[in-house]
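Following: one structure in structure tokens, then a few remarks.
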Amino acid sequence: MDPQRELRDEQAKAWHEQAVASGQKRYLRRAYNGELVSYLPEEYGVGRTGLGPKIHTVWGHAVLVAAEIAILALFFWALGAGVGAGHTDVPGGLWVVFGLWVLLIGYSTWNLVKEAKATSLRRQRGLPTPAE
């Protein structure tokens with residue numbers, strides 16, 4: 001372990017506490033390079049804590065949104081094939097699933113945009129990517 005790390009951590013904590021005391025909303029998190037970094041919310045991006053796997057990159061969010069849109073297109077294709085075959089009674093529950101799926105796409109797209117902006121800001125400001 002780096003002997004200076006503890007000192008850098010203490011300095012980062014002190015700077016963070018001073019910034020929070022001045023009214024800034026900040027997150028003190030460990031970065032992928034191992035350093036403790038104080039991030040503004042717009043620099044932090046999408047939350048990386050909690051249960052289950054998390055998406056950490058803009059590309060990961062883009063793949064998720066693309067997959068959700070592809071599944072929605074498949075849904076419409078299947079619906080069109082069914083209506084074309086004469087099955088005009090579409091169950092109401094199917095429309096509920098469709099509506100929830102559209103909301104999920106909206107939320108995933110919002111996360112994609114948020115992470116893209118945060119990644120851009122971190123690059124401009126020379127900040128490492130948060131690990132947690």
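The values are calculated or read from the model by the stated rules, or taken from the named source; none is laboratory data. On a predicted model such as this, the values are computed, not experimentally measured, just so you know. No Cβ is skipped: glycine too gets one built from the backbone with ideal geometry, and neighbour counts run over all protein chains shown.
The table that follows gives values for the structure above.
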read-out: Enumeration of residues in the stretch 49-80 that are touching a residue at least 40 places away in the same chain (Cβ under 8 Å) and surrounded by fewer than 15 Cβ atoms within 10 Å (Cβ to Cβ); value: THR49, THR57
read-out: Residue list for the stretch 23-39, restricted to those being in contact (Cβ under 8 Å) with a residue 60 or more places away in the chain and under 18 Å from GLU115 (Cα atoms); value: TYR27, ARG29, ARG30, ALA31, TYR32, VAL37, TYR39
read-out: So HIS56, is it assigned to a loop (DSSP other than H, G, I, E, B) and at negative phi; value: yes
read-out: Test: residue in the stretch 3-23 that is under 23 Å from THR129 (Cβ atoms), of a type in the set (Gly, Ala, Ser) and touching a Phe, Trp or Tyr at 6+ places or on another chain (Cβ under 9 Å); value: no
read-out: Filter result for LEU7 (of a type in the set (A, V, I, L, M, F, W, C) and in contact (Cβ under 8 Å) with a residue 12 or more places away in the chain); value: no
read-out: Residue match in the stretch 6-22 (condition: in a loop (DSSP other than H, G, I, E, B) and closer than 27 Å to VAL113 by Cβ); value: no
read-out: Subset of the stretch 37-48 [surrounded by 18 or more Cβ atoms within 10 Å (Cβ to Cβ) and in contact with a strand residue (DSSP E or B) (Cβ under 7 Å, 6 or more places away or on another chain)]; value: VAL37, SER38, TYR39, TYR44
read-out: Residue within the stretch 94-109 that is in contact with a helix residue (DSSP H, G or I) (Cβ under 7 Å, 6 or more places away or on another chain), free of Cβ contacts under 8 Å to residues at least 40 places away in the same chain and under 19 Å from GLY126 (Cβ atoms) present; value: no
read-out: Count of residues meeting criterion [of a type in the set (Phe, Trp, Tyr) and over 30 Å from GLU42 (Cβ atoms)] in the stretch 64-123; value: 5
read-out: Hits in the stretch 81-93 (condition: outside any helix (DSSP H, G or I) and either touching a residue at least 60 places away in the same chain (Cβ under 8 Å) or surrounded by 11 or more Cβ atoms within 10 Å (Cβ to Cβ) (or both)); value: VAL90
read-out: Set GLY84, GLY106, GLY52: member being closer than 30 Å to ARG29 by Cα, modelled with pLDDT under 90 and of a type outside the set (A, V, I, L, M, F, W, C); value: GLY52
